[in-house]
Amino acid sequence: MQLLPEAMKLALAEAEAAAGRGEVPVGAVITDAAGKVLAAAGNRVRELRDPTAHAEMLAIRAACARLGSERLPGCDLFVTLEPCPMCASAIAQARIRRLYFAADDPKMGGVHHGPRIFGQPTCHHRPEIYDGLGAERAARLLRDFFRARR
């Protein structure tokens, strides 16, 4: 069994809470360079009636507000699903230092799949990327959520 960083455990808890609200179960956590949690969020697209209310976007907004800055250099993002192109672009704009994600998203991903935002020549910042942390648990949450909706 893979040992998960506390921040990824918290992101998975946020994903579970999102599922409990009827949202796609994705959770995100941003930590500072020392590992202190700055922000945690789960998807709230349906609740807020906002297509940009992805967990990553909400966490980035909250961390920026907390730090009083539009950039998050030295900060790390832990998310339960490969970020979509919108979120990957926001990660680059925020200058996130490291991106840790659990499950791949072959349909809507923007990091290893789809447009591969960080590989584009127009991308001015590329975080270090670490994938697969908690992938099985995150994928199971997603499968169970969508199975129950069918």
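The values are calculated or read from the model by the stated rules, or taken from the named source; none is laboratory data. Keep in mind that what you see is a predicted model, and the values were worked out from it rather than measured. Neighbour counts are summed over all protein chains in view; Cβ atoms, including those assigned to glycine, are modelled from backbone coordinates with ideal geometry. Remember, those area values only see protein heavy atoms, side chains included, never the ligands or the DNA or RNA. Shrake-Rupley method; radii C 1.70, N 1.55, O 1.52, S 1.80 Å.
Skip the ligands, DNA and RNA, and give the accessible area per residue of the chain with a 1.4 Å probe, whole Å².
51 Å²
Sequence-distant or interchain residues sharing an amide H contact under 5 Å with Ile96, placed H: which?
The list, which skips near neighbours in sequence, is Leu72.
Working from Cα positions, state the angle (0 to 90°, nearest 10) between the long axis of helix 85-94 and the longest principal axis of the chain.
Result, in degrees: 30.
Distances over 18 Å make up what percent of all Cα-Cα pairs in the stretch 2-150?
Of the Cα pairs, 51 percent sit more than 18 Å apart.
Taking all protein chains as present, what is the carbon and sulfur share of the accessible area of the stretch 67-115, in % to the nearest whole number, probe 1.4 Å?
Answer for the stretch 67-115 is 55 percent, counting heavy atoms of protein chains only.
If amide hydrogens are placed 1.01 Å from N in the peptide plane, which non-local residues have theirs closer than 5 Å to the one on Gly27?
Counting only residues 5 or more places away or on other chains, the set is Ala15, Thr80, Leu81.
For the stretch 45-125, which trypsin sites (Lys or Arg not before Pro) are in a loop by DSSP, counting at most 14 other Cβ atoms within 10 Å?
Here the sparse-neighbourhood loop sites are Arg49, Arg71, Lys107, Arg116.
Are there GluC sites (Glu not before Pro) in the stretch 58-150 that DSSP puts in a loop and that have at most 14 other Cβ atoms within 10 Å, and which ones?
Passing both the DSSP loop test and the Cβ count: Glu70.
Classify the stretch 1-87 as rounded, prolate or oblate, taking a ≥ b ≥ c as the square roots of the eigenvalues of its Cα gyration tensor: rounded when a/c is under 1.5, otherwise prolate if a/b is larger than b/c and oblate if not.
oblate
Helix-only estimate, please: 222 nm mean residue ellipticity of the chain, summing -39500 (n - 2.57) across DSSP H runs of length 4 or more and dividing by its residues, to the nearest 500.
Roughly -11500 deg cm²/dmol at 222 nm, from the helical runs in the chain.
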